[in-house]
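Notes follow once the structure below has been shown.
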Amino acid sequence: MMSQEEFRENILLRLSGVERDQEGMKAIAAEVRDNSKEIAQALQNLCLLMTKMESSHTTLESAVNRAFNDIEDHETRMRVVEGEMPTVKMTRNWTVAGVIGVVGMVGLVLIEFIFKVSHGS
């Protein structure tokens, strides 16, 4: 059996161990509190970043949609122009033939004029 003195020392040892454990728990609780504040700040920053990214995504999506609409408009115009190309080619050929004909007639008139001048008629 334990004497009162041994019992008292045993209780004091246990009490000092409990006090040490309590101090350790206080330190851990303070660290958890500090980490919780850091996590809350990080989550707030993340929310702000996600809001900015969502805004940028919306702007980018709008720009891409406008670009595709412009491309579709240009494609429609290109199809119209491509449809008119045979007419344009035919008109160009007629214009070239007309210019060659006029140049040929002017050339004949010049040759006739030179021939008349040189033969004295």
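The values are calculated or read from the model by the stated rules, or taken from the named source; none is laboratory data. Given the structure is predicted, the values throughout are model-derived calculations rather than measurements. Just the protein is used for accessible areas: all its heavy atoms, side chains included, with ligands, DNA and RNA removed. Shrake-Rupley method; radii C 1.70, N 1.55, O 1.52, S 1.80 Å.
Points worth noting:
- If you go through the stretch 79-91 and keep only what is open to solvent by 80 Å² or more (accessible area, probe 1.4 Å) and over 44 Å from the mean Cα position of the chain (by Cα), you end up with just 90.
- The residues of the stretch 55-78 that are aliphatic (A, V, I, L, M) and open to solvent by 80 Å² or more (accessible area, probe 1.4 Å), listed by number, are 60, 71, 78.
- Taken over the stretch 1-46, the criterion of being assigned to a loop (DSSP other than H, G, I, E, B) and modelled with pLDDT of 90 or more is satisfied by no residue.
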